[in-house]
1. Determine the pairs where a residue that is farther than 16 Å from L74 by Cα and touching a residue at least 24 places away in the same chain (Cβ under 8 Å), located within segment 27-53, has a partner that is within 13 Å of the ligand (Cβ to nearest atom) and among the charged types (D, E, K, R) with Cβ atoms under 6 Å apart, the partner being 6 or more residues away or on another chain.
2. Does R57 meet the test of being touching a helix residue (DSSP H, G or I) at 6+ places or on another chain (Cβ under 9 Å), under 22 Å from G138 (Cβ atoms) and among the charged types (D, E, K, R)?
3. I'm trying to understand the selection: among the residues of segment 199-216, which are of a type in the set (V, I, T) and part of a loop (DSSP other than H, G, I, E, B)?
4. Within segment 155-172, is there a residue that is in contact with a strand residue (DSSP E or B) (Cβ under 6 Å, 6 or more places away or on another chain), of a type in the set (A, V, I, L, M, F, W, C) and either under 26 Å from L8 (Cβ atoms) or near the ligand (Cβ under 10 Å from one of its atoms) (or both)?
5. Take segment 185-217 and flag every residue that is surrounded by fewer than 21 Cβ atoms within 10 Å (Cβ to Cβ) and touching an Asp or Glu at 6+ places or on another chain (Cβ under 7 Å).
6. Suppose the filter is under 24 Å from G216 (Cβ atoms) and either outside any helix (DSSP H, G or I) or basic (K, R) (or both); does S140 pass it?
7. What tally of residues in segment 172-198 results from selecting those that are of a type in the set (V, I, T), over 24 Å from G138 (Cβ atoms) and part of a helix (DSSP H, G or I)?
8. Only one of S98, S131, S145, S104 is surrounded by 19 or more Cβ atoms within 10 Å (Cβ to Cβ), modelled with pLDDT of 95 or more and either of a type in the set (D, E) or more than 15 Å from the chain's Cα centre (by Cα) (or both); which?
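The values are calculated or read from the model by the stated rules, or taken from the named source; none is laboratory data. Being a predicted model, the structure only gives us computed values, none of them experimental. Don't worry about glycine lacking a Cβ; one is built from the backbone with ideal geometry, like all the others, and counts go over all protein chains shown.
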Amino acid sequence: MITAMGGLVIVTGGGRGIGAATALACASAGFDVCLSYRANEAAAQQVVAGCQQAGVRATAVRADVGVEADVLELFAVADRMGTVTALVNNAGIVAPASRLDDLSADRIDQMMRVNVLGAFLCAREAVRRMSTRHGGTGGSIVNVSSRAAVLGSAGEYVDYAASKAAVDTLTVGLAREVAREGIRVNAVRPGLIDTEIHETTSPGRLERLTPTVPMGRVGAPEEVAAAIVWLLSDAASFVTGALLDVSGGR
Ligand code: NAP
């Protein structure tokens with residue numbers, strides 16, 4: 001159990017799945033929460049209500065992380081709530097299973113725009129606020145990568161896997177860049193987690209791939225959220241640049 005924390009966390013893609021579980025876990029740990037979503041306002045507002053029930057302040061902002069103006073607006077809303085002390089770079093997309101020789105330039109561009117550009121833009125805005133170099137008081141960033149970065153996702157979405165490998169490198173490089181400026185930067189690499197994202201690729205994907213997980217089951221969003229909250233917390237005070245697999249051994 002993580003002891004109560006204060007501060008304000010931005011969780012991108014906090015309306016559903018891993019981001020929603022993370023927003024709620026952060027609220028339980030005492031963070032005020034500013035979450036973003038792309039389209040599903042009802043889901044986002046439900047998470048906001050859950051956070052508020054935990055006794056913290058919470059708000060939801062419609063903001064596409066792949067659009068710079070939206071990212072700036074997300075952080076402007078957070079600034080009005082208080083001092084941003086934590087960022088969870090969670091928003092991400094996959095696409096229907098495809099071989100690389102069938103990929104369109106538009107698809108690859110969109111994958112990189114959301115998963116890579118989005119993570120970079122949010123990290124940039126967080127560093128501008130948290131870094132002691134910019135007059136901030138420090139903070140913690142957790143990027144949501146994927147075991148796909150290591151496995152490569154052959155025959156499904158090599159573009160997605162490559163986007164997550166970029167998130168891993170962002171994590172290691174930025175961690176070293178700001179280590180003396182009061183900011184820790186880490187990543188979780190989830191394996192197969194039971195969320196709606198798999199509906200985008202192919203029906204029955206989770207069931208089909210469950211036997212490939214050494215623990216013999218898929219993970220719950222809350223199990224990823226617990227790892228994220230630990231990395232955000234002072235319990236992980238000497239942990240930076242870490243890529244933490246949350247994958248049941250896969
Ligand atoms: P999910 O259930 O599909 O939820 C995605 C969330 O991100 C939603 O709140 C969605 O908003 C938001 N979102 C999508 N595109 C966005 C954009 N351009 N700007 C802002 N928000 C956006 O996905 P998930 O399974 O929780 O995945 C969360 C993260 O974990 C992703 O980065 C994913 O790659 C990673 N991951 C997932 C798994 C897994 O097995 N589930 C495994 C490894 C890594 P709306 O609700 O408005 O649509």
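1. Short answer, once both residue conditions are applied: A43/R16.
2. Details: touching a helix residue (DSSP H, G or I) at 6+ places or on another chain (Cβ under 9 Å): yes; under 22 Å from G138 (Cβ atoms): yes; among the charged types (D, E, K, R): yes.
Yes, satisfied.
3. The first filter runs over segment 199-216 and keeps only residues of a type in the set (V, I, T), leaving 200-201, 210, 212-213.
Scanning segment 199-216 gives T201, V213.
4. The first filter runs over segment 155-172 and keeps only residues in contact with a strand residue (DSSP E or B) (Cβ under 6 Å, 6 or more places away or on another chain), leaving 167-168, 171.
Imposing the further condition that a residue be of a type in the set (A, V, I, L, M, F, W, C) reduces the set to 167.
Checking which are either under 26 Å from L8 (Cβ atoms) or near the ligand (Cβ under 10 Å from one of its atoms) (or both) leaves us with 167.
Yes - at least one qualifying residue is present in segment 155-172.
5. The answer is T201, L206.
6. no
7. Kept after step one, since they are of a type in the set (V, I, T), are these residues of segment 172-198: 172, 178, 183, 185, 188, 193, 195, 197.
Still in the running and over 24 Å from G138 (Cβ atoms): 193, 195, 197.
Filter again for part of a helix (DSSP H, G or I), leaving 197.
Residues that pass the stated criteria total 1.
8. Values: S98 fails: surrounded by 19 or more Cβ atoms within 10 Å (Cβ to Cβ); S145 fails: either of a type in the set (D, E) or more than 15 Å from the chain's Cα centre (by Cα) (or both); S104 fails: surrounded by 19 or more Cβ atoms within 10 Å (Cβ to Cβ).
It is S131.
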